[in-house]
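Asks: Pasting in a structure now, in structure tokens, and then I'll have a few things to ask.
Read-outs throughout are calculated quantities, based only on the coordinates presented, and are distinct from any laboratory measurement. A quick note: this is a predicted structure, and the numbers were derived from the prediction, not measured. Note that we place each Cβ from the backbone using ideal geometry, even for glycine, and neighbour counts take in every protein chain shown.
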Amino acid sequence: MLRKYIRIYLECIKISVSTAMTYRLNFLLDNFIMLVSNILFPLVTLLIYGSGAEFPNWSLYEVLLIQAVFTMSTAIANIFFGGVLWVTMRHIIEGSLEIVLIKPVNCLFYLVASTVEFGSLTLFIGGVVMFAVALSHVGPVSILMILQFIVLFLSGVCVMMGISLIMAATSFKWVGNSRLPEIFDSIKYFGRYPQNIFHKAISAVTSFIIPVAMIGYFPAAALLGEADFTAFIAILPCFVFTMGGVLLFRHMIRLYEGAGG
Amino acid sequence: MDFIARKLKVVKAVALVTYKEWSAYRTHSMVSIFVGPVYFIVQYFIWSAVYSRRTYLNGMELSEMLTYFGVTTLIGYITMDFADWNLQMLVRTGKFLTFAIRPIHHRFFALSQKIGHRILGLFFEFIPCLFIFVFIFKVDLRPASYFWTIISVALAFLMNLYMNYTIGLTAFWLVQATGVRRVYLLLQGIFSGGLIPLVFFPKALQKLLLFLPFQYVSYVPAMVYIGRYTLADVSVPIPHIVGLQAVAVIVTALFSELVYRLSMKRFSGVGA
């Protein structure tokens, strides 16, 4: 069973790579635009520090580290779960989800696997470069810190997956609204900055309820040696959030009614 | 006089139909009622932290900064435009043909559509967000001068349309103009001042931005709203900058007409 799913997943990745190789110019352009449009928000940080101002108690490279981690997480999420919203939305609008439902695989798995798309590969590389530059300026990093970082980073990626699934699930009811991502993008915005600049009530929400702080802030804090108890407690809500996304999506599939596609 | 009355009749008819068409999707517009204030809250905390150890930054106080972000968001709802997307779609699918044979200029049709679409934006985006900013966030959003602000926002409305329309016209050469559009929108996003006030950019870039059209879409109307305009250490009185904005709009409109005429020479269609 598991082996079948892995085989399908690898096959989907192969198809996605060959699509990218067929439409090379489109692939390169997608990659370029994705990179440039996501490099914008660190630009604001650069301009703030460039004007001689700062976030209290945060050096430029510390803030950039948070934003680099956020960028890497965004790129991974775009590649692996970015397409699920759009494909679900299209199936709902056209009433053609049956085509997926009658396949002998899990519907959610199939939708996620078949929309793997490498348009954010350059963005990921850009994120890694920014990450390396920022990290080289923030002082020594121990093995323990790296391990903490990996655990927290993966939790952050789970949050991204949860968000993608919640958006896709919402598109079952809020049909054809291409502005859905804007809602979640605005919430994710809180995860891009040091959490201590926000009001306590807000950082409680971004840590434990909609855990967007895990996308950028907590993993970066681990590398700065500032991952405290809160960061590790916050892992739990991340998985609850992701599971919530999965369950919500499955619930919505049960509610789906089609008329033959 | 008769000519103007006829034009107004066209504007009214097209705007009304567009309004009705898009009201079906009014909840899509209403996404802004959530997104706008959430972004503003983030900006509030970012800039409160940045200003915690200083009163002035690039000549702006914290309260001015917050007003700036509130105002650019609100002006964005009035001037928002997708003429480029619409036009390139018409060209690519061949549907432009049906406009080429109508007795009105397509750009005028696009303007009328935009008026209808943005009246919807006024009701479902601008007014709710204005209320949230003023009554919940207590941002001071009284313009320095209502007269100049209204003129400047109206000019920004036209500027955005003419610039986007010209970009949309590139579809006559490129067919698939998505790439050009996205690059342009990106440049506009950064250099119009929507991201951060333009005075934060390096001086050399600010000097360049003085001569580019982007600032007239967002930065200029926002600064007119606030009541003083500075870029690259050049301070211009409000009436003068609005005058310059008007000149920029006329030049852009003429340029878009030139490109339109060139593209009409390239256009050929078969019964779409």
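Asks: Hey, fewest Cβ within 10 Å first, where do A:89, B:223, B:89 land in order? All intermediate terms of the calculation are to be shown ahead of the outcome.
Replies: Details: A:89 21, B:223 26, B:89 15.
Ranking A:89, B:223, B:89 by Cβ neighbours within 10 Å, fewest first, gives B:89, A:89, B:223.
Asks: Obtain the nm distance between the two label points defined at residue B:89 and residue A:173 by a simple spin-label model: each point lies 7 Å from its Cα along the Cα-to-C-beta direction.
Replies: 2.7 nm
Asks: Could you give the angle, 0 to 90 degrees to the nearest 10, between helix B:178-191's Cα long axis and the longest principal axis of the Cα atoms of chain B?
Replies: 30 degrees
Asks: Once you have the Kirkwood Rh of the protein assembly as shown from its Cα pairs, apply Stokes-Einstein at 37 °C and 0.692 mPa s and quote D in µm²/s.
Replies: Result for D is 130 µm²/s.
Asks: Right, something else. Any idea which of B:77, B:119, B:41 is furthest toward the positive side of the dipole for chain B, if Lys and Arg beta-carbons carry +1 and Asp and Glu beta-carbons -1?
Replies: Value: B:119.
Asks: Let me ask something else. Which aspartates and glutamates have a Cα lying under 17 Å from the Cα of residue B:203, excluding residues fewer than 8 positions away in the same chain?
Replies: Within the straight-line limit of under 17 Å, residue B:203 reaches these aspartates and glutamates: B:233.
Asks: Let me ask you something else. With a bin width of 5 angstrom, please list the P(r) values of the range A:2-255 as percents of all Cα-Cα pairs, from the 0 bin to the one holding the largest distance.
Replies: Spelled out per bin, shortest first, that is 1, 6, 12, 16, 18, 16, 13, 9, 5, 2, 1, 0, 0.
Asks: Could you pull out the pairs from A:14/A:173; B:20/B:138; B:20/B:114; B:20/B:95; B:9/B:114 whose alpha carbons sit more than 24 Å apart here?
Replies: Checking Cα-Cα distances, A:14/A:173; B:20/B:138 exceed 24 Å.
Asks: Can you work out the base-10 log of I(q)/I(0) for the range B:66-175 at q = 0.13, 0.17, 0.23 1/Å, using the Debye formula on its C-alpha atoms alone?
Replies: Cα-only, vacuum Debye calculation for the range B:66-175: -0.58, -0.84, -1.23.
Asks: Rank by packing, highest mean first: peptides A:230-237, A:164-171, with packing defined as the count of other Cβ atoms within 10 Å averaged across residues.
Replies: A:164-171, A:230-237
Asks: Counting pairs of Cα atoms in the range B:176-269, how many percent are more than 19 Å apart?
Replies: Counting pairs separated by more than 19 Å, the tail of P(r) holds 49 percent.
Asks: How far, in degrees from 0 to 90, does helix B:83-93 lean away from the longest principal axis of the Cα atoms of chain B, to the nearest 10?
Replies: So the inclination is approximately 30 degrees.
Asks: Specify, per residue and in Å³, the volume enclosed by the convex hull of the alpha carbon atoms belonging to chain B.
Replies: 143 Å³
Asks: Turning to a different aspect of this structure: Counting every Cα pair in the range A:96-235, what percent are over 28 Å apart? Present the calculation step by step, with values, prior to reporting the outcome.
Replies: Details: 2910 of 9730 pairs.
Roughly 30 percent, once rounded to a whole number.
Asks: Run the helix sum for chain A: -39,500 (n - 2.57) per DSSP H stretch of 4+ residues, divided by residue count, reported at 222 nm to the nearest 500 deg cm²/dmol. Before the final figure, lay out the partial values.
Replies: Working: 14 runs with 183 residues, N = 261.
After summing the helix terms and dividing by the residues of chain A, the value is -22500 deg cm²/dmol.
Asks: Report, to the nearest 10°, how far helix B:31-50 tilts away from the longest principal axis of the Cα atoms in chain B, using its own Cα long axis and a range of 0 to 90°.
Replies: Tilt relative to chain B: about 30 degrees.
Asks: Starting with the fewest neighbours, write out A:161, A:1, A:243 ranked by other beta-carbon atoms found within 10 Å of each beta-carbon. Let's see the in-between values first.
Replies: Numbers: A:161 21, A:1 5, A:243 13.
Listed from fewest to most nearby Cβ atoms, that is A:1, A:243, A:161.
Asks: What number in nm² do you get for the range B:20-129 if you take the convex hull of its Cα atoms and divide its surface by four?
Replies: 9.2 nm²
Asks: Could you put A:182, A:226 in order, starting from the residue whose Cβ has the fewest other Cβ atoms within 10 Å?
Replies: Result, fewest neighbours first: A:226, A:182.
Asks: Here's another thing I want to ask about it. Short version: ³J(HN,Hα) in whole Hz for each residue of the range B:199-204, in order, from phi by Karplus 6.51 cos²θ - 1.76 cosθ + 1.60 (θ = phi - 60°), x for Gly and Pro, what are they?
Replies: 5, 7, 6, x, 3, 4
Asks: Across peptide B:41-51, what mean number of C-beta atoms from other chains lies inside 10 Å of a residue's C-beta?
Replies: Counting other chains' Cβ atoms within 10 Å and averaging over B:41-51 gives 6.
Asks: Could I ask something else about it? Equivalent ellipsoid semi-axes for the range A:184-261, as square roots of 5 times the alpha carbon gyration tensor eigenvalues: give them largest first, rounded to whole Å.
Replies: 32, 13, 10
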